[in-house]
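Working notes for the structure below.
Any read-out appearing in this document is the output of simple, stated calculations on the displayed coordinates, not a laboratory observation. Just so it is clear, the model here is predicted, and its values are computed rather than measured. Ideal geometry is used to build each Cβ from the backbone, glycine not excepted, and the neighbour counts take in all protein chains shown.
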């Protein structure tokens, strides 16, 4: 029977540590770390995510500032807001909730954020630092994935890891983090040939394709550790809906350990966002 890696429990521990760090920073500087959250439009899923992030900020003692803009906000107006937040010394982290409306260039917007306040870790400077192993703010989901893996793996050296999905948000950065630990990493994508055979060789499988139940039991060798990043709402025959991941979890009892969906990677992503905000505040105070 595969061990279930409890992301909710790990996230609560990380949030508790973050809250203690927030108290220490406030006692030392007289100011709590500040996170600006920018939401353009009213995408229902984005509304839920933003609400969760703000709620956790408050629990940890981080000062959250919301900027809710209409869907027809001009790109230049959003850039002007980011410029102001970059200059605001009370704001240590800036989060632009994605996706943005189609008329706004997301790459341009994310690049406008100061690398020191880029708590999502998407700025090209932070991407470069990650790829060269020279510090910087690490994207939240990959950072959370590594913490989940660390709970069951002590030594990555020589392990074979397969990352399913090459996104800039998850696939590529988590591959770089695994390489830093001396794992041998294969990144797969939609054009990868014989994906089940490639995956079956892995000691670590990270499924981040956004394809419900893509990874079947015969894809995974006995004793492998599986991180399921996927989260998709599906409708059953009776009309009811449920959240599923990229892995057919019921077929993976032979794995060593696996993350559940929900309750695995998701909670860690938000916890790591807050941890990154505290790190950004520490870096600002050290300047």
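A few notes on this one:
- Linear extension gain, residue 218 paired with residue 189, 0.36 nm per residue minus alpha-carbon span: 8.6 nm
- Modelled spin labels at residue 27 and residue 131, positioned 7 Å past Cα toward Cβ, are 4.2 nm from each other.
- Distance from the Cα centroid of the stretch 178-237 to that of the stretch 80-142 is 28 Å (rounded to whole angstrom).
- Folded to 0 to 90 degrees: helix 44-60 orientation relative to the chain principal axis, Cα: 70 degrees
- Of 123, 103, 92, the one that fluctuates the most in a GNM where the chain has Cα springs shorter than 10 Å: 103
- Extension gain for residue 42 to residue 105 (0.36 nm times residue separation, less C-alpha to C-alpha distance): 20.9 nm.
- Sites residue 232 and residue 67 - FRET efficiency at Förster radius 22 Å, r taken between beta-carbons, to 0.05: 0.15
- When the helices of the chain are scored as -39500 (n - 2.57) per DSSP H run of n ≥ 4 and the total is divided over every residue, the value at 222 nm lands at -13000 deg cm²/dmol.
- With Cα atoms as the point set, the radius of gyration and Dmax of the chain evaluate to 19.3, 58 Å.
- Size descriptors for the stretch 140-266, from the alpha-carbon set: Rg then Dmax equal 13.8, 47 Å.
- Our summary gives the stretch 30-114 a relative contact order of 43 percent, counting only alpha carbon pairs under 8 angstrom and 6 or more residues apart.
- For the stretch 30-114, the spherically averaged projection of the C-alpha convex hull amounts to 5.3 nm².
- Taking every DSSP beta bridge that has both ends in the stretch 140-266, the antiparallel portion is near 20%.
- Using a simple spin-label model with pseudo-atoms 7 Å out from Cα toward Cβ, residue 87 and residue 240 lie 5.5 nm apart.
- C-alpha long axis of helix 140-150 to longest principal axis of the chain, angle in °: 50 degrees
- Additional length obtainable on full extension of the chain from residue 77 to residue 9, 0.36 nm per residue less Cα span: 20.5 nm
- Highest mean first, the peptides 245-255, 185-195, 136-146 sorted by other C-beta atoms within 10 Å per residue fall in the order 136-146, 245-255, 185-195.
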